[in-house]
Amino acid sequence: MAATIIRNVKALAPLLDRVLVQRIKAEPKTASGIFLPESTVEKLNEAKVLAVGPGAFDQQGKRVAVSVQAGDRVLIPPFGGTPVKVGEEEYTIFRDHELLAKINE
Amino acid sequence: MAATIIRNVKALAPLLDRVLVQRIKAEPKTASGIFLPESTVEKLNEAKVLAVGPGAFDQQGKRVAVSVQAGDRVLIPPFGGTPVKVGEEEYTIFRDHELLAKINE
Amino acid sequence: MAATIIRNVKALAPLLDRVLVQRIKAEPKTASGIFLPESTVEKLNEAKVLAVGPGAFDQQGKRVAVSVQAGDRVLIPPFGGTPVKVGEEEYTIFRDHELLAKINE
Amino acid sequence: MAATIIRNVKALAPLLDRVLVQRIKAEPKTASGIFLPESTVEKLNEAKVLAVGPGAFDQQGKRVAVSVQAGDRVLIPPFGGTPVKVGEEEYTIFRDHELLAKINE
Amino acid sequence: MAATIIRNVKALAPLLDRVLVQRIKAEPKTASGIFLPESTVEKLNEAKVLAVGPGAFDQQGKRVAVSVQAGDRVLIPPFGGTPVKVGEEEYTIFRDHELLAKINE
Amino acid sequence: MAATIIRNVKALAPLLDRVLVQRIKAEPKTASGIFLPESTVEKLNEAKVLAVGPGAFDQQGKRVAVSVQAGDRVLIPPFGGTPVKVGEEEYTIFRDHELLAKINE
Amino acid sequence: MAATIIRNVKALAPLLDRVLVQRIKAEPKTASGIFLPESTVEKLNEAKVLAVGPGAFDQQGKRVAVSVQAGDRVLIPPFGGTPVKVGEEEYTIFRDHELLAKINE
């Protein structure tokens, strides 16, 4: 976990091909409205893109634009990424090529 | 397993050279019609392609089209890929180059 | 072993630089005609090419044709390749560069 | 830890794509002003860039400028980098691509 | 050991940058003519080239000719290569770049 | 340790992108002039460049000049490099990209 | 150790970027002329170049000339290389980029 004293996550501007996302939290209650203890709530692999880097350089020295943009919902891999803590919230930074899919829903 | 709260698998748009497939299930009964307990049903390595990414970039910065398209039947490797769960169904995401063969039958 | 419900191996069209082969079986009898139990029959590293892929892409984005074609006899390495089962028959899928030699006999 | 007898950290000119940073120290007291023993102060992953290298060479033989400049605040990874000691102060040298994000706050 | 039912080693045409060689056998007798048991005969790292492949492709898509030709004597590395058995004889297949030196004697 | 019978370290001309350096020795006494036993003297990661190679070749076949020159003071990594002994003195050979920073003091 | 029946080491022509060297032997006596048992003689990392290959191919398909030539004295790394025995003498084959420095003395 990369700890910070940043006050606002909007201050983070990912470098190269990095993508800053926040994992979407599962509803901590059942369909019928009963609240579940946090430990039984499954961790979801969906996330919202908050900010993207300008892209890494290819072998011709040109930037390769990342595949997603701020606001996109994405499917993230079950492992990997660097967790970042800003205030009480947790975020994750992935390389663009680690993201699995966009979610168009 | 990448857990999600997506309602419709059609919402998933694979990124780069990724291919979203669903494994074809073996019939859980014998040729003579006797039903088999699920644990004795062999897992098949055939899958149906549901969606493909736009292709990864080659060293010239051009997209390399993936080898298959939605609707194709493909032979998948016995190991690998990232499993994804949407509702009660399981899907798998492969990189294009991990698929073994198209099945033209 | 990649299990399938494919009925005809001709339905398999290898992708990229893959080559579908079937191993040649050793005669289960001695030169003087005595049949040997299967466990004593040495596994041969000769195979017949059944189908080849269209070739992988080189760094210029062009397909590199594979080195063999359907009908060729080839020397395969003692290890490697992905086994595939179609009906009761076993086949193997190699990458083109894993094949050792053509057999012109 | 790379020990030195350098008197002034300004004497250090990173080579190629290296970036010299100094980690920002967490306040060793609580919000209400109570001082904490050093061992309970969380190590922050924020750093200030002190100097950057001229960039590594790409495959065309051209320098690739690094992504940050002296004075930038950056998010650094929880692991990695080469620690350097100048006088009583500790610094860290990263490769440019290891830095996670710029902090614009 | 790659076992075969090939009758003539001349049927083997190496693929890409592969080179088919046969190891030169050490004389199983001392200088004064006393025969040695086979287990005490040192294995030599000299071999005769029997056939060469057409060369692998470089990144421009052109064949790179192999460094040796049929008939050459070569110094082979103490480890590596794929052994092949044709009839009662053993051969070895190397990649061109694994061969150490030509022997011009 | 690469042992030699070279009499003068100036005879050593590094090859490709190699850089020959000599580590700067820490003063074996305290600020107030008390001499310390050698085992308590911290090993410094500063070195003086004695000679540099002509540079390695890039993929276009051109030499890439090394980043430092004879006479430079450099920050070396805490691990790595090949130690070389000439007479009673010890030297180290690094690849150019292993050096961390120039010291302009 | 690559054993051979070659009579003359001059028959060895290294392939690609290989360099054939012979290690220089340390004098088995002290400065004052006392002979030392062989086990106490330090192994030197100096060698004489006997023959060089024509160079490996770069990505443009051109030969990259090796950095040394026959007759050069070189500093060799403490580990690596392939030992070769010709008659009673031992030699070593290195890749060009493994050699550390030329010795101009």
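Points to keep in mind about this one:
- Other protein chain C-beta atoms within 10 Å of residue C-beta, averaged over C:78-88: 2.
- Long-range amide H partners of G:Ile24 with built H, under 5 Å: G:Glu46, G:Ala47, G:Lys48
- Residue pairs exceeding 22 angstrom between C-alpha atoms, taken from C:Lys102/E:Lys10; E:Lys85/G:Lys85; B:Lys25/B:Lys48: E:Lys85/G:Lys85.
- The stretch C:2-102, accessible area per residue, ligands and nucleic acids excluded (1.4 Å, Å²): 52
- Each residue of the stretch C:14-24 was assigned a 3J(HN,Hα) from its phi angle through the Karplus expression (A = 6.51, B = -1.76, C = 1.60, θ = phi - 60°), giving x, 9, 6, 9, 8, 10, 9, 10, 10, 5, 7 Hz with x at Gly and Pro.
- Total buried accessible area between B and C, probe 1.4 Å, nearest 100: 2000 Å².
- Span from the the stretch C:83-100 Cα centroid across to the the stretch A:88-102 one, whole angstrom: 37
- At R0 = 25 Å, FRET efficiency that the Cβ-Cβ distance of D:Lys48 and A:Asp58 yields, to 0.05: 0.25
- Amide H within-cut-off set for A:Lys102, under 5 Å, with H built and near neighbours excluded: A:Leu75, B:Ala13, B:Leu15
- Straight-distance candidates among the aspartates and glutamates for linking to G:Lys43, with alpha-carbon spacing under 20 Å and chain neighbours fewer than 8 residues away dropped: F:Glu88, F:Glu89, F:Glu90, G:Glu27, G:Asp72, G:Glu88, G:Glu89, G:Glu90, G:Glu98, G:Glu105.
- Ligands, DNA and RNA left out, the 1.4 Å accessible surface of the protein assembly as shown is 52% carbon and sulfur atoms.
- Distances between placed amide hydrogens fall under 5 Å for A:Ala56 paired with A:Asp17, A:Val64, all partners being 5 or more residues away or on another chain.
- Isotropic mean projected area of the C-alpha convex hull, the stretch E:2-102 (nm²): 7.7
- Sequence-ordered 3J(HN,Hα) estimates for the stretch C:58-73 from the Karplus curve with 6.51, -1.76 and 1.60 and θ = phi - 60° stand at 7, 6, 8, x, 9, 5, 9, 4, 6, 7, 10, 9, 3, x, 5, 9 Hz, glycine and proline given as x.
- What the phi angles of the stretch B:77-92 give under the Karplus curve with 6.51, -1.76 and 1.60, with θ = phi - 60°, is a coupling list of x, x, 10, x, x, 10, x, 10, 10, 10, x, 9, 9, 10, 10, 9 Hz, glycine and proline written as x.
- Rotational relation G to A, axis-closest Cβ in chain G, residue and distance rounded to whole Å: G:Gln59, 6
- When all alpha carbon pairs of the protein assembly as shown are counted in 20 Å bins from zero, the resulting P(r) reads 13, 34, 37, 15, 1 %.
- With the simple spin-label model, which puts each label point 7 Å out from Cα in the Cβ direction, the G:Asn8 to B:Lys85 separation comes to 7.6 nm.
The values are calculated or read from the model by the stated rules, or taken from the named source; none is laboratory data. As the structure is a computational prediction, the values presented were derived from the model and not from experiment. Methodologically, a virtual Cβ is constructed for each residue, glycine included, from the backbone with ideal geometry; neighbour enumeration extends over all protein chains shown. The accessibility values were calculated without ligands, DNA or RNA, using every heavy atom of the protein model including side chains. Shrake-Rupley method; radii C 1.70, N 1.55, O 1.52, S 1.80 Å.
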